[in-house]
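This report concerns only the one structure given below.
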Amino acid sequence: MADSRETDVVVVGAGLAGLAAARKLTADGIDCVVLEARDRVGGRTLNHSIGDGKIVEVGGQWVGPTQTRVLELMRELGLESFPTYDKGEHVLEYEGALNRYTGTIPKLSKRLLADFGQAQWKLDRMARTVPADAPWTAPKAKDWDSQTLWSWMRRNVYTQGARDALSLGVEAVWAAQPEDLSLLHVLFYISSAGGLDALWDTQGGAQDSRVTGGSQLISIRMAEELGDRVVLDAPVRRIVHSSDRVTVHSDEIEVEGRRAIVALPPTLTCRIAYDPPMPALRDQLTQRIPQGAVIKCMAMYEKPFWRDQGLTGQATSIEGPVKLTFDNSPPDGSPGVLLGFLEGTQARTLGAWQPERRREAVIECFTRLFGREAQSPLDYVDKSWADEEWTRGCYGCYMPTGAWTAYGPQLRDPVGPIHWAGAETATVWSGYMDGAVRSGDSAAEAVAASLVARGERFAPA
Ligand SMILES: Cc1cc2nc3c(=O)[nH]c(=O)nc-3n(C[C@H](O)[C@H](O)[C@H](O)COP(=O)(O)OP(=O)(O)OC[C@H]3O[C@@H](n4cnc5c(N)ncnc54)[C@H](O)[C@@H]3O)c2cc1C
């Protein structure tokens with residue numbers, strides 16, 4: 001017999017969004033229970049021990065200065081950040097040669113740089129006309145949602161080099177290829193982050209800083225506050241709902257409440273059965289919002305040897321398979337940790353390989369970029385998020401062509417007593433940890449307002 005509990009709000013998923021929602025509800029005096037499928041909290045954030053009490057993050061990790069909500073939450077939870085290592089020269093591998101450069105602009109032909117610059121300028125300018133809370137209302141929404149980013153690049157980016165560089169920048173942000181993405185979705189995402197530089201930059205951008213002790217601590221601390229309101233090993237299979245009641249069924253527990261907040265990547269929300277079923281438009285949306293593919297790979301060395309060579313550890317390679325690297329060493333620089341991403345096509349291809357073969361390919365790439373010292377790491381870890389039953393891809397979901405304009409409102413509109421949260425539903429920093437926290441706050445506010453509106457709760461004084 002399943003255990004049963006009763007509460008005001010049942011939250012599904014103990015990632016940043018679900019836990020932020022539960023924290024806000026609790027602070028507002030609304031009772032809640034959080035059901036989490038895994039045996040841990042944090043979802044797409046995960047600390048991995050590398051010994052001596054140190055960790056690396058195999059999921060989301062960076063925070064940037066304009067990601068104000070997650071920074072505020074970290075302060076509330078007593079967590080600090082430290083800057084991403086960024087001293088020295090970066091490396092670019094292009095047409096079989098290695099170039100070292102400082103700042104954001106590599107030493108490439110003026111023609112290529114001008115072409116890349118005009119493409120970025122156009123995308124930023126177009127993004128300013130896309131309201132992040134309703135992209136389908138942008139003046140050119142229909143036109144932009146009818147083409148992929150790749151179709152746009154064919155007409156607006158003139159040199160192969162600039163196309164390659166832009167594709168690399170796109171893979172780094174969406175873990176997908178330009179041909180996968182609706183142009184409107186790309187513009188929405190740029191709009192929600194405040195520009196392409198904000199998405200791409202280390203200093204001052206999305207890769208600016210890291211959470212001391214690891215980003216999973218944000219979720220761990222919230223779960224500690226919530227105590228036995230958080231139930232682990234409780235995959236939600238079915239939600240029975242009426243206009244003002246929900247019964248949420250997991251394998252060994254069922255929880256009754258007035259509202260539910262489902263805080264999962266949208267793709268996973270349709271793996272839960274609903275009774276009555278979801279309206280057609282909501283279900284069709286979830287048939288059209290796939291996850292990107294990423295494998296995060298890290299090699300550990302006695303020390304960050306690239307620093308001695310005057311290098312930041314940040315490299316970009318058009319050749320790949322690792323196209324982007326960072327210095328991911330702990331704050332004290334011991335051990336040295338090189339981080340590389342396999343994204344989109346590379347993640348799909350190397351994800352199907354045996355782990356040992358993938359490791360060899362990644363280390364071979366690190367060695368090409370940073371020299372022979374990279375050849376023999378002390379340790380290595382990688383994580384393929386598409387393999388994870390309760391995630392199935394990363395960094396997040398994206399919209400292919402036609403989805404925003406046909407189904408946009410269904411991403412966030414509640415269905416009866418069921419509300420949606422999760423990084424993908426955020427209007428600011430969508431797809432990021434900051435967006436996840438904001439989405440949890442917003443869902444909690446919407447639930448509280450609906451309880452008041454229907455007379456199920458008095459408005460707080
Ligand atoms: C490799 C990688 C690198 C990233 N890098 C960054 C970065 O540097 N900076 C940044 O800001 N963001 C980054 N991200 C994205 C960031 O991690 C996510 O946007 C954020 O963590 C999403 O939080 P969420 O709560 O919306 O979703 P999730 O973290 O996916 O939480 C959903 C939760 O629901 C649970 N769940 C799923 N199905 C069920 C079910 N049926 N019943 C119950 N529970 C269920 C899951 O186990 C999970 O705990 C990265 C992500 C990855 C994977």
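The values are calculated or read from the model by the stated rules, or taken from the named source; none is laboratory data. Small disclaimer: the values here were computed from a predicted structure and weren't measured. Using ideal geometry, Cβ is built from the backbone for each residue, glycine included, and neighbour counts are taken over all protein chains shown. Areas reflect the complete protein model, heavy atoms only, side chains present, ligands, DNA and RNA absent. Shrake-Rupley method; radii C 1.70, N 1.55, O 1.52, S 1.80 Å.
Of note:
- Filter pass, A352 being open to solvent by 10 Å² or more (accessible area, probe 1.4 Å), within 18 Å of G59 (Cβ to Cβ), out of contact with any Phe, Trp or Tyr (no Cβ under 7 Å at 6 or more places or on another chain) and of a type outside the set (V, I, T): no
Condition check ((1) out of contact with any Leu (no Cβ under 7 Å at 6 or more places or on another chain); (2) open to solvent by less than 50 Å² (accessible area, probe 1.4 Å); (3) more than 12 Å from L369 (Cβ to Cβ)) across all residues:
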site: A293; (1), (2), (3): yes, yes, yes
site: C297; (1), (2), (3): no, yes, yes
site: L311; (1), (2), (3): yes, yes, no
site: T325; (1), (2), (3): no, yes, no
site: G336; (1), (2), (3): yes, yes, yes
site: F341; (1), (2), (3): no, yes, yes
site: A347; (1), (2), (3): yes, yes, yes
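- So Y395, is it farther than 20 Å from V12 by Cβ, at pLDDT 95 or above, within 11 Å of the ligand (Cβ to nearest atom) and not charged (D, E, K, R): yes
- So I261, is it out of contact with any Asp or Glu (no Cβ under 7 Å at 6 or more places or on another chain), β-branched (V, I, T) and open to solvent by 20 Å² or more (accessible area, probe 1.4 Å): no
One line per residue, one yes/no per condition, for (1) open to solvent by 50 Å² or more (accessible area, probe 1.4 Å); (2) in contact with a Leu (Cβ under 7 Å, 6 or more places away or on another chain); (3) not polar (S, T, N, Q):
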{"site": "R368", "(1), (2), (3)": "yes, no, yes"}
{"site": "W404", "(1), (2), (3)": "no, yes, yes"}
{"site": "D413", "(1), (2), (3)": "yes, no, yes"}
{"site": "G416", "(1), (2), (3)": "yes, no, yes"}
{"site": "H419", "(1), (2), (3)": "no, no, yes"}
{"site": "V428", "(1), (2), (3)": "yes, no, yes"}
{"site": "M433", "(1), (2), (3)": "no, yes, yes"}
{"site": "A453", "(1), (2), (3)": "yes, no, yes"}
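- Within segment 140-167, residues that are closer than 25 Å to Y407 by Cα and assigned to a helix (DSSP H, G or I) sit with their Cβ atoms under 7 Å from residues that are open to solvent by 40 Å² or more (accessible area, probe 1.4 Å) and acidic (D, E), at 6+ positions apart or across chains, in these pairs: W150/E179.
- Listed by first and then second residue, the pairs with beta-carbon distance under 7 Å, at least 6 apart or on different chains, first residue in segment 271-297 and of a type in the set (D, E, K, R) and within 16 Å of the ligand (Cβ to nearest atom), second open to solvent by 50 Å² or more (accessible area, probe 1.4 Å) and in a strand (DSSP E or B), are D275/R238.
- Failed condition for V9, given (1) more than 15 Å from the ligand (Cβ to nearest atom); (2) closer than 23 Å to W420 by Cα: (1)
- Test for L46: is it closer than 20 Å to G435 by Cβ and either within 16 Å of the chain's Cα centre (by Cα) or near the ligand (Cβ under 9 Å from one of its atoms) (or both): yes
- Looking at segment 353-461, the helices (runs of 4 or more DSSP H) lying wholly inside it that each contain 2 or more residues that are farther than 30 Å from R221 by Cβ and in contact with a strand residue (DSSP E or B) (Cβ under 7 Å, 6 or more places away or on another chain) sit at 355-370, 403-407.
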